[in-house]
C-alpha cells in the first residue's frame, strides 16, 4: 500500500489538499492532528501503510515529528506498529467494537445525566438547533449529517462540564469515526431520517428530567451506531 492517497496534480487542478502543510510550531502535535483527522475521515483507510518519508514529504516536515506523531497515534490505538513491517492504520475487530461501544454507553449515559442536571432553555435551544441543521441536510449529504452529529456530541460534552469525561469519550468516538463514516455513507433517505430522529430522541429524553429515560435512549443510540459498522474479519 502507498502512503496518503493524494494525486500528484491535485494542487495543479486547483483542488484544496486533503491535508495541509504543517508549520514549524508544535510540529509533532500538528502532524498528529492532521493524521488523526485523515484516519477519522477515511482518507487514510484501515490497513493502509503509513510510510514516514512519504508523510513527511506530503506535510513538508522532517521524518522526526512524523515518527513522534505516529507514536502518539499508536498510543491512541488509531494505528498499529509491527516490527520490520512499519505502521498501518488500525483495523477494527469485533472485540474492539464491542469494548468501545460498551464503554461509550457507560460514559455517555453518565454524560447525559450530568447534562440533564444542568438542563436549561439555552441548552435545549442549542441542541435543537443542531438537530434542525442535521435534518435540513439534503438526502445523501452524509458529510453534513456527520458534521452536525459531531457538533451534537461535542455540545453534550460541553454541557456536561466534565473535562476528563470529554477527553475520554472524544477519544473513543474518534477511534470509530472513520468506520462510522463509511457505514453511514450507505444510508438511504429513510435511514438518514432515522439517524436524525435518534438525536431528537436524546434531546427529548434530556428535557424529560427522567435519568433512566436518558440512559435508555443513549444506550440505544450507541448500539444502533455500532450495528452499522462491519468489523474486520466479518462479512459485509
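The values are calculated or read from the model by the stated rules, or taken from the named source; none is laboratory data. Since the structure is predicted, the reported quantities are computational estimates derived from the model, not experimental observations. Neighbour counts run over all protein chains shown; Cβ positions are idealised from the backbone, glycine included.
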Subset of segment 69-83 (residues that are within 22 Å of the chain's Cα centre (by Cα) and free of Cβ contacts under 8 Å to residues at least 60 places away in the same chain): 69, 70, 71, 72, 73, 74, 75, 79, 80, 81
Whichever residue in segment 34-46 is in a helix (DSSP H, G or I) and under 14 Å from residue 79 (Cβ atoms) and, among such residues, is modelled with the lowest pLDDT: 40
Residue satisfying condition, being touching a helix residue (DSSP H, G or I) at 6+ places or on another chain (Cβ under 9 Å), surrounded by fewer than 18 Cβ atoms within 10 Å (Cβ to Cβ) and in contact (Cβ under 8 Å) with a residue 60 or more places away in the chain, within set 94, 135: 135
Scope segment 75-90; condition outside any strand (DSSP E or B) and modelled with pLDDT of 85 or more; matching residues: 75, 76, 77, 78, 90
